[in-house]
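Below is one structure, written out as structure tokens; the observations come after it.
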Amino acid sequence: MFHRSIIDRVDRRSFLLAPAAAAAALPALAQTGTRGIKPLKVTGCRIYIVTIDGRYPILVQLLTDQGVTGAGDAAVAYGTGAASAAAMIKELVEQFVVGKDPFGIEAIWSDMYDHTFWAKGGGTIIFAGISAIEQALWDIKGKCLGVPVYEMLGGKMRDKVRVYANGWSFRCVKPADYAREAERVVKDGYTALKLYPLAVPQGDTEGHIEHVALRSIDGDREQRAIATVKAVRDSIGPKVDLMLDMSAELTTDAIIRIGRKLEEWNIAFLEEPVDPSDVEALKKVSEHVNIPIATGERLYTRYGFRRVMEMHAADILQPDIGNTGGIMEAKKIAAMAETYSMRIQPHNCSSPVCTAASLQLDATIANFYIQELYPYRVPEHFAIVDHAPELDIKSSYMPIPSRPGLGVELVEGRVRRFLWGTV
Ligand SMILES: [Mg+2]
């Protein structure tokens, strides 16, 4: 077992004995340190850009002096920035992580936040790098202690989480295409699905979509968007949750006009109706459109979400565990959101490592709503880990894994060819 060398050094009685006996064993534990484990040090990392079928999760595998490794995912798996995120991880590991005790997750996080200079007020790449490292540290700590990460976050509140399917619509052109594919998703057992009514396929073999340019569309495209939503609702029936992602494509007036037309189709949420940085515009949309508003995949850390909460500019927050700052940062965002009566729907666009990290959070937050997933990616995408959580989805629910750490292990034979660099 990957963590056996460490566990064998632990006073195993503390894990295996009844509570009273374990308490009696505590003085003995104290003699070997409060954790009863020989301290570890991070010695370096491997960084992979896992390019499969036109997407490219950036993975880090932290290495330690005791052989335990931890995996993390910098979730910028599409768009521009993969090489930048890989380089960011390299610099962060070199400057802030090598030589450190991987159990000191908050200390390392704060060191990166305080002393990279650019993290304060920073954006996607720096927080994708920090997130990947943070996930990998949790993975190491969980493996060493023999517990899933959720046990260190307060324990799980649920055994499985509801998921919705995304990515199934990327090759659709006409409303009838969307209706047919949506029907297939529902037949596969999903009770919630999302589409991008304003986007069009790029026409490439890898199923990329093109978002609106220059903040405007013509009347035909607007009509097609409305007709698409109607066709999908008609095909899936009234009970399936239907989410719409507008990808911050239009101006406030246009999205309010279109949003009002979409109200009659019982939409679960309208995602990124306007630029995520324009909190006032988000607030205006939420006041004029009778559909819950969602945002957050392009907001970073507690600081990035704070004004959205204070202004009640959205109903559903979507931090990405792979770019908002990591598992604990997302947990803090969720706790803040709870006090503003908002739900959490973790954004998830990357590899099964990010899905596994998301599940650790999902298990432990009271205001969890639903988890985003791309279940229709090619089999190679899921095969980079020994057992992708996505493989266990049944009837739109995904079980919380019980294995130590994040619950997934990179398959070296499958990721080796994607090695980008090492520290
Ligand atoms: Mg989105």
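Note down all Cβ pairs under 8 Å where the first residue falls in segment 310-324 and is within 21 Å of CYS349 (Cα to Cα) and of a type in the set (S, T, N, Q), the second is within 12 Å of the ligand (Cβ to nearest atom) and not in a loop (DSSP other than H, G, I, E, B), and they're at least six residues apart or on different chains. Note: pairs meeting the criteria are GLN318/GLU271; GLN318/ALA294; GLN318/THR295; GLN318/HIS347; GLN318/GLU372. Contact annotation: residue pairs with Cβ atoms under 8 Å, 6 or more positions apart or on different chains, pairing a residue in segment 224-235 that is under 14 Å from SER169 (Cβ atoms) with a partner that is modelled with pLDDT under 95, are ALA225/ILE217.
With respect to the conditions (1) touching a strand residue (DSSP E or B) at 6+ places or on another chain (Cβ under 6 Å); (2) crowded, with 20+ Cβ neighbours inside 10 Å; (3) under 24 Å from GLY296 (Cβ atoms), TYR78 falls short on a single one, namely (2).
Yes or no: segment 135-146 includes at least one residue that is at pLDDT 95 or above, polar (S, T, N, Q) and touching a helix residue (DSSP H, G or I) at 6+ places or on another chain (Cβ under 8 Å).
Step one: list which residues in segment 135-146 are at pLDDT 95 or above, which gives 135-146.
Pick out the ones that are also polar (S, T, N, Q) and you get 135.
Filter once more, so that each one left must be touching a helix residue (DSSP H, G or I) at 6+ places or on another chain (Cβ under 8 Å): 135.
Within segment 135-146, one or more residues are at pLDDT 95 or above, polar (S, T, N, Q) and touching a helix residue (DSSP H, G or I) at 6+ places or on another chain (Cβ under 8 Å).
Count of segment 142-173 residues, restricted to those that are basic (Lys, Arg) and either surrounded by 24 or more Cβ atoms within 10 Å (Cβ to Cβ) or free of Cβ contacts under 8 Å to residues at least 40 places away in the same chain (or both), is 2.
Which one is nearest to TYR369 (Cα to Cα), of the residues in segment 310-321 that are within 14 Å of the ligand (Cβ to nearest atom) and part of a loop (DSSP other than H, G, I, E, B)?
Step one: list which residues in segment 310-321 are within 14 Å of the ligand (Cβ to nearest atom), which gives 314, 316-320.
Going one step further and asking which of them are part of a loop (DSSP other than H, G, I, E, B), we end up with 314, 318-319.
Details: ALA314: 14, GLN318: 10, PRO319: 12 Å.
The extreme case among them is GLN318.
Taking ALA132 as the residue in question, decide whether it is buried (at least 17 other Cβ atoms within 10 Å of the Cβ) and touching a Phe, Trp or Tyr at 6+ places or on another chain (Cβ under 7 Å). Before you say what the answer is, go through the steps one by one.
Working: buried (at least 17 other Cβ atoms within 10 Å of the Cβ): yes; touching a Phe, Trp or Tyr at 6+ places or on another chain (Cβ under 7 Å): no.
It is false that ALA132 is buried (at least 17 other Cβ atoms within 10 Å of the Cβ) and touching a Phe, Trp or Tyr at 6+ places or on another chain (Cβ under 7 Å).
Collect the residues in segment 276-304 that are within 13 Å of the ligand (Cβ to nearest atom) and either part of a loop (DSSP other than H, G, I, E, B) or not polar (S, T, N, Q) (or both), keeping them in residue-number order.
Here is the first cut: in segment 276-304, the residues within 13 Å of the ligand (Cβ to nearest atom) are 276, 293-299.
Result: PRO276, ILE293, ALA294, GLY296, GLU297, ARG298, LEU299.
Residue count for segment 203-233, restricted to those that are basic (Lys, Arg) and within 18 Å of ASN166 (Cβ to Cβ): 1.
Please specify each residue of segment 44-72 satisfying the condition of being without any contact (Cβ under 8 Å) to a residue 60 or more places away in the chain and either buried (at least 24 other Cβ atoms within 10 Å of the Cβ) or part of a loop (DSSP other than H, G, I, E, B) (or both).
Keep residues of segment 44-72 that are without any contact (Cβ under 8 Å) to a residue 60 or more places away in the chain, which gives 56, 63, 65.
TYR56, ASP65 - these are the residues of segment 44-72 that are without any contact (Cβ under 8 Å) to a residue 60 or more places away in the chain and either buried (at least 24 other Cβ atoms within 10 Å of the Cβ) or part of a loop (DSSP other than H, G, I, E, B) (or both).
The values are calculated or read from the model by the stated rules, or taken from the named source; none is laboratory data. In this text, all values refer to a predicted model and were calculated from it rather than measured experimentally. Virtual Cβ from ideal backbone geometry, glycine too; neighbours counted across all protein chains shown.
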